[in-house]
1. Inspect the range 206-221 for any residue being loosely packed, with under 13 Cβ neighbours inside 10 Å and modelled with pLDDT under 75 and give the result as yes or no.
2. Condition test on Ile322, is it buried (at least 19 other Cβ atoms within 10 Å of the Cβ), touching a Leu at 6+ places or on another chain (Cβ under 6 Å) and at pLDDT 90 or above?
3. Kindly evaluate Ala330 against the criterion of being free of Cβ contacts under 8 Å to residues at least 24 places away in the same chain and assigned to a loop (DSSP other than H, G, I, E, B).
4. From Ala355, Ala348, grab the single residue that is at pLDDT below 90 and among the hydrophobic types (A, V, I, L, M, F, W, C).
5. Could you check, for the range 49-69, whether at least one of its residues is within 46 Å of the chain's Cα centre (by Cα), closer than 14 Å to Val160 by Cα, modelled with pLDDT of 85 or more and among the aliphatic types (A, V, I, L, M)?
6. Give the range 268-279 a look and list any residue that's within 12 Å of Ile254 (Cα to Cα) and buried (at least 18 other Cβ atoms within 10 Å of the Cβ), or say none.
Amino acid sequence: MSAVLPRTSGLDSAPRGVAAWTRAWSTMGRRHLAAWLLTSAAMSVIEFSALVDKLHKPGVSLIMTWDVLVSLILFGTTLLAWVAATEGAPLGGRQRNVRVAWAVVISAIVGACIAVPLMRAMEVDKLMWELYGKSKPPPDFALVVLGHGFHFMIWAAFFVVAGEVIHRRRLTNVAIRAAQRDQASLARDVLESRLAAMQAQVEPQFLFDTLVDIEELYRRDSARAADNLDRLITYLRVALPRLRGTGSTVAAEIELVEAYLDVVRALSGGPPVLTVTLADDCREARFYPMLLLPLIQRAVRADTRDVPTSIRIAVRLAGDDIVVVLRVSAPGGCAEDREIARVRERLAGLYGQHASLACVELHGDTTQLTMRVPARSSQAA
């Protein structure tokens, strides 16, 4: 036999009891302590302002001490009530607003019930009555508690409202930063996928010229034509598998460049001569595709037969960066064009401000391109 349980509201189903309060209070940290002390100090200073012209009278120091104790008691109880009441309540909901209102009322009543007996024990009420020259007897205990309760309620309301505003702003900033990180991560993933796809691309004109040359060469020298076809196949075997990858290494990118230049040398009948200096600590370092090869393709210009005589690549580790220095024996390589702009755009998308590409002319006949990227993938933008 099953029983039908009554439906409960969000407030009734929320965690209650000392265990829930203890769990909420355990999350309090230095920010809560700072808020408690600062607001207590602010209330004490404001209360002291009413005693500025009476500092020379007896009993003022005791009254000021009581003001400090009352401030600490009030905001201490308000803080505890607010943190416990908002445990598990989402921001902006009616449930949270109701809980916050009750926290203000309860903390003001509790604060008054603690402060008034303390005032009577310290005889602060008599000192204040004499200090202000009152001739009537002090009011009853209940009225004093009620008056202090309303007074404390105003302070507690200011404290809780300020806390809610700061808390909501902090959570909003956290959500904005998380969204920005997710957006940057998604943009980087998309860019990595695009680079991986571009890595497998072969320049249509380059491939067409290569196949035409191989076809013509078969009529004159079938052995050499077969060698050139083997070089083209080797290049395609190195390039095409990267279509499915989202990253690469320095050694793998150097291998791709070597395979590409083997085809270029077969077409040009000699140049360019490739010299590679690769540091061992950079060999397996992560290196995104379509950063180095486009610079080589730009330098070679195989489609126009403007092939440099030599290309030097040096890769080393400098601090937290991998430095790739590309020297091409051809002048005028620092002119801004679409290829350079695309590489810089990829660097910015992958690494933000942590990567750079610089170009200088050496001795009028050599172009040097220097690329710096972070050695650790965690420094990606």
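1. The answer is yes; a qualifying residue exists.
2. no
3. Considered against the rule, which asks whether it is free of Cβ contacts under 8 Å to residues at least 24 places away in the same chain and assigned to a loop (DSSP other than H, G, I, E, B), Ala330 comes out as no.
4. Within the list Ala355, Ala348, the selection yields Ala348.
5. Checking the range 49-69: not a single residue is within 46 Å of the chain's Cα centre (by Cα), closer than 14 Å to Val160 by Cα, modelled with pLDDT of 85 or more and among the aliphatic types (A, V, I, L, M).
6. Leu274
Matching residues to (1) part of a helix (DSSP H, G or I); (2) in the same structural domain as Val373 (by TED's automatic domain parsing); (3) surrounded by 17 or more Cβ atoms within 10 Å (Cβ to Cβ):
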residue: Glu258; (1), (2), (3): yes, yes, no
residue: Ala266; (1), (2), (3): yes, yes, yes
residue: Asp281; (1), (2), (3): yes, yes, no
residue: Met290; (1), (2), (3): no, yes, yes
residue: Ile311; (1), (2), (3): no, yes, yes
residue: Leu317; (1), (2), (3): no, yes, no
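The values are calculated or read from the model by the stated rules, or taken from the named source; none is laboratory data. As the structure is a prediction and not an experimental result, all values here were calculated from the model. Glycine gets a Cβ as well: all are built from the backbone with ideal geometry, and neighbour counts include every protein chain shown.
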